[in-house]
Structure formats: structure tokens, C-alpha cells
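Chemist: Attaching a single structure in C-alpha cells format; questions to follow.
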Amino acid sequence: MNELARALEAILFSSNRPLRLRELQQSTDSGAREVQVALDELRDALAGRGLMLQRHGDQVQLVTRPEVAAYVRRALRPEVTGKLSPAAYETLAIVAYQQPVTKSRIEEIRGVNCDSVVANLELRNLVVEVGRGSGPGQPKLYGTTMRFLQVLGLGSLDELPEPGVNERTS
């Protein structure tokens, strides 16, 4: 692994939050292409190990692989946050596949008011305001977060299954 990839690994390992590509460029005095190549090299070097790179837009984070997360949870004993309701999962799926999406669009799809569900997802840091719509009142636009990827064990949104694919067999 080249020196830049090792430096990025150390920076991401030491960070307690996702870092933007721009931050990685600035901290290593490197160009965008160099950082991208080094991140690809780091991602490949982590294959089959306990850690993986997680990317969401221009944010990057080094995280525990989902298949070994139970061991980490047991070792660190984090506080229990509770399970999501079926309504929360429905809403989260809508946001994930339609982002950026307004609350009114979510309600149109679900057919019910979703104020409390969206507020709960925001509190859990699974969805966040990503901008404002251009319509009347400039409604909030919601999108998923890095925490969403962590909870689902995804490396990026590209790993979401295709909409409408039912994996159950009859």
C-alpha cells in the first residue's frame, strides 16, 4: 500500500466522524484524483478484514464490517437504542430510494402523516435535512446519513437492492 493510502487509513481510523474528500485532500496536500486512487487502494487492501471503507457522497469513514460487528458490540457494550417500527422502516426506505425527498412526498407515498416518524429517524441520525425544495415554503429535503449505511451494513448507497426486487421465495 502506498504512503498516501496508509496516511488516509491512519486519518480515517483516528477520526470519530466521516470526513469529506476535501478534508482528506487538505490534510495530505494531495489532489482529488490522488486521494481517490489511494482510497480505492485502501478499500482493496481492507477486503477480507474486519474494517471497511464506507462512502456517502463526498464523505468517507473507516468502519467495522457488519459480519464482525456483533463481536465489537459485545466488547464495547453500547447502550441499547431500541428497534425501529415498521412505519420507520417504510419511511427510511422511501427516503433512501427517493432522496432528496420532501416530507409531503413521503406522506403521499405512505398515505399517512409522518411527522413523528421523520423526527424519530432524525433523532437516530438515520435521515437528515440535505437542502430545501424550490416549491412554496421551500420544504425541507431529506436524505440518508452515514449512520444509515452503518445500520444497514452498506459500503455505499450503490449497494441498496434494486427497488421492487422481492428476495423472498414462495
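The values are calculated or read from the model by the stated rules, or taken from the named source; none is laboratory data. All values reported here derive from a predicted model rather than from experimental measurement. When we count neighbours, we look across all protein chains shown, and the Cβ atoms used for this are built from the backbone with ideal geometry, even at glycine. The area values use the complete protein model at the heavy-atom level, side chains included, leaving out ligands, DNA and RNA. Shrake-Rupley method; radii C 1.70, N 1.55, O 1.52, S 1.80 Å.
Chemist: Does the range 1-54 hold any residues that are more than 25 Å from V68 (Cβ to Cβ), part of a loop (DSSP other than H, G, I, E, B) and open to solvent by less than 50 Å² (accessible area, probe 1.4 Å), and which are they?
Modeler: The answer is S30, G31.
Chemist: I've got another one for you. When the range 114-151 is examined, which residues are found to be surrounded by 10 or more Cβ atoms within 10 Å (Cβ to Cβ) and at pLDDT below 85?
Modeler: Listed by number, the list holds a single entry, V151.
Chemist: Among the residues that make up the range 26-39, is at least one of them touching a residue at least 40 places away in the same chain (Cβ under 8 Å) and within 19 Å of the chain's Cα centre (by Cα)? If you could, list the steps in order and put the result at the bottom.
Modeler: Kept after step one, since they are touching a residue at least 40 places away in the same chain (Cβ under 8 Å), are these residues of the range 26-39: none.
Looking through the range 26-39, none of the residues is touching a residue at least 40 places away in the same chain (Cβ under 8 Å) and within 19 Å of the chain's Cα centre (by Cα).
Chemist: Right, next: Which residue out of T102, T144 is within 18 Å of D158 (Cα to Cα) and among the hydroxyl-bearing types (S, T, Y)? Write out each step before concluding.
Modeler: Values: T102 fails: within 18 Å of D158 (Cα to Cα).
Checking each option against the conditions leaves just T144.
Chemist: Continuing with this model, one more query. Could you pull out the residue among Y142, Y71, Y97 that is within 30 Å of D40 (Cα to Cα), over 19 Å from the mean Cα position of the chain (by Cα), outside any loop (DSSP other than H, G, I, E, B) and not basic (K, R)?
Modeler: Values: Y142 fails: over 19 Å from the mean Cα position of the chain (by Cα); Y97 fails: over 19 Å from the mean Cα position of the chain (by Cα).
On inspection, the qualifying residue turns out to be Y71.
Chemist: Only one of (1) of a type in the set (D, E, K, R); (2) part of a strand (DSSP E or B); (3) under 25 Å from M52 (Cα atoms) is not met by E129, so which one is it?
Modeler: For E129, the exception is condition (3).
Chemist: Restricting to the range 82-127, name every residue that is touching a residue at least 40 places away in the same chain (Cβ under 8 Å) and among the charged types (D, E, K, R).
Modeler: The answer is R124, and nothing else.
Chemist: Being open to solvent by 30 Å² or more (accessible area, probe 1.4 Å) and β-branched (V, I, T) is the filter here; which residues of the range 55-106 pass it?
Modeler: Result: T64, V68, V72, V80, T81.
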